[in-house]
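Asks: Here it is, the structure in full.
The values are calculated or read from the model by the stated rules, or taken from the named source; none is laboratory data. The shown structure was predicted, so the numbers you read here are calculated from the model rather than taken from an experiment. Every residue, glycine as well, gets a Cβ built from its backbone with ideal geometry; the counts of neighbours run over all protein chains shown.
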């Protein structure tokens, strides 16, 4: 994930506090934070926490190939085959 680009003058654009949007207008910083936290959780062996964060991120932004792939990967790593299949990650042969 890449940091949000700075605005002209070097200042970053910030949303006003309390403006949590769902769907296409969701604050990118929130779902990126959830996705990053999920990666850390998966690396620490906390698959349940990783799946929870990725699911929340998907609820915020809707279908996203990267988030679905990562959730499928976590499911596959935890040998939760149905969850991996549902997210489009194939079961190993």
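Asks: Looking only at the range 47-70, count every residue that is crowded, with 17+ Cβ neighbours inside 10 Å and either in contact (Cβ under 8 Å) with a residue 40 or more places away in the chain or more than 8 Å from the chain's Cα centre (by Cα) (or both) and tell me the total.
Replies: Result for the range 47-70: 5.
Asks: Something else now. Taking residue 93, is it outside any helix (DSSP H, G or I), more than 17 Å from the chain's Cα centre (by Cα), surrounded by fewer than 16 Cβ atoms within 10 Å (Cβ to Cβ) and modelled with pLDDT under 55?
Replies: Values: outside any helix (DSSP H, G or I): yes; more than 17 Å from the chain's Cα centre (by Cα): yes; surrounded by fewer than 16 Cβ atoms within 10 Å (Cβ to Cβ): yes; modelled with pLDDT under 55: no.
In short, no.
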